[in-house]
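The values are calculated or read from the model by the stated rules, or taken from the named source; none is laboratory data. Source: prediction; values computed, not measured. Note that each Cβ is placed from the backbone with ideal geometry, even for glycine, and that neighbours are counted across all protein chains shown. Heads up: the accessible areas ignore ligands, DNA and RNA and are worked out on the full protein's heavy atoms, side chains in. Shrake-Rupley method; radii C 1.70, N 1.55, O 1.52, S 1.80 Å.
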Number of protein chains: 2
Amino acid sequence: MSILSILMKSDKDEPSSAPRSDCGLCVPEQETVIWRGAFWRLIDASTATSPGFLRLIVNRHVTELSWLAKPEREQLFSLLQVIDESIRQELKPTKINIASLGNQMPHMHWHIIPRWHDDPYFPQSIWSAAQRDTVSAEQDARHQAAQRLFAKLPKLCAKAVY
Amino acid sequence: MSILSILMKSDKDEPSSAPRSDCGLCVPEQETVIWRGAFWRLIDASTATSPGFLRLIVNRHVTELSWLAKPEREQLFSLLQVIDESIRQELKPTKINIASLGNQMPHMHWHIIPRWHDDPYFPQSIWSAAQRDTVSAEQDARHQAAQRLFAKLPKLCAKAVY
């Protein structure tokens, strides 16, 4: 390793963040993008049984929190804050779950998941075995509230990062 | 609600953060505290099959990210960053998982979980069904590295918040 490369990199183990043709988040097949910023994009990850499920994805191929550049990290935290607050106010869920796992897709993404006492997995994680197969009577109302939330988020996210 | 209380609170729905006698994180029965700061404490959450598992717990009874006071939030993000970096450098795991769920214990805590390709749940979440019951040949070495990590963390956490 040259002196120059040592001077330029504080951590010699830092992996490349070049786009990878084999990464489903570098080359997404299908995404419903709610908002796209310089460093992060927010997608609609909702399903029939998960109203308001959101996913925040870093644009570069970065795998771990501590590999993010400082501006990426600062924007991540601002975005998590405003998204959490908006979900809380618009959807009034029982709990909000926030998680960055990436074991199967090691390109950093954060799941932001409104949870309700009567959702299929509560009180377990959404990656656990289902607890019930009943559909909440509030399901449609939650999806409608989620659409209102999604419509507000582009402006809120832009404000959070600028 | 009085004018004064409206002036003092920006969000009238804000729940009380007084210690709750029925909360297992307000009144912990047993915790191995690695570091304790003004707002957060870091505990050893490792098990025989999860070397280096850490949990960051807010000292007040706060349930959601967006209910944290700004200094609590800033310290959370600084701590997650330094803990993630230390785990990466000391344990060299396959992946680091970070999650705040709290469905069963709605007092904010963050799981910070080093994951290895041959751990019991990989590539699923640790809340999913086990994938294997074999023990990695590296298990003891990982636990030893985790002890070295735990010994370094108090100084690193203190530096991150002051």
Solvent-accessible surface ranking, highest first, for B:82, A:33 at 1.4 angstrom: A:33, B:82
Taking the label point as lying 7 angstrom from Cα along the Cα-to-Cβ axis, what are the distances from residue B:48 to the corresponding position in the remaining copies, in ascending order and in nanometres? 4.2
For region A:28-161, what % of the accessible area comes from carbon and sulfur atoms, probe 1.4 Å? 50
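Taking only protein heavy atoms into account and a 1.4 Å probe, give the accessible area per residue of region A:11-89 in Å². Could the numbers behind the result be given before it?
Working: 3550 Å² over 79 residues.
Per-residue accessible area for region A:11-89 comes out at 45 Å².
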Can you give the mean number of other chain Cβ atoms that lie within 10 Å of the Cβ atoms in peptide A:111-117? 1
Leaving out ligands, DNA and RNA, calculate the buried accessible area for the pair A and B with a 1.4 Å probe, summed over both sides, in Å² to the nearest 100. 3100
Partner shielding of A:80-86, taken as the mean number of other chain Cβ atoms within 10 Å, equals 4
Above-threshold pairs, the threshold being 32 Å between Cα atoms, out of A:152/B:155; A:70/B:152; A:155/B:92; A:155/B:152; B:92/B:159: A:152/B:155; A:155/B:92; A:155/B:152
Using a 7 Å Cα-to-Cβ projection, residue B:32 label spacings across copies, nm, ascending: 4.5
Under Karplus coefficients 6.51, -1.76 and 1.60, residue-wise ³J(HN,Hα) of region B:114-124 in Hz, glycine/proline x: x, 10, 10, 4, 10, 7, x, 10, 4, x, 7
Tell me, what ³J(HN,Hα) does each residue in region A:80-91 have, in order and in whole Hz, if you take phi through Karplus 6.51 cos²θ - 1.76 cosθ + 1.60 with θ = phi - 60° and put x for Gly and Pro? 4, 4, 6, 5, 4, 5, 5, 4, 4, 6, 7, 9
Pop out a list of residues from region B:92-107 that are at least 30 Å² less accessible with all the protein chains around than in their chain alone; 1.4 Å probe, no ligands or nucleic acids counted. B:95, B:97, B:98, B:100, B:101, B:103, B:104
For a quick check: with amide H placed at 1.01 Å from N, whose amide H comes under 5 Å from residue B:138's, ignoring anything fewer than 5 positions away on the same chain? none
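Suppose every K and R has +1 on its Cβ and every D and E has -1 on its Cβ; what is the size of the dipole of the protein assembly as shown about the Cα centre, in Debye to the nearest 20? Write out the running numbers ahead of the final one.
Working: 38 positive and 36 negative charges, 176 e Å.
The dipole of the protein assembly as shown has a size of about 840 debye.
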Volume in Å³ per residue [convex hull over Cα atoms, computed for chain B]: 125
One decimal, nm, nearest first: from residue B:94 to the same residue in each other copy, label points 7 Å out along Cα→Cβ, the values are 3.2
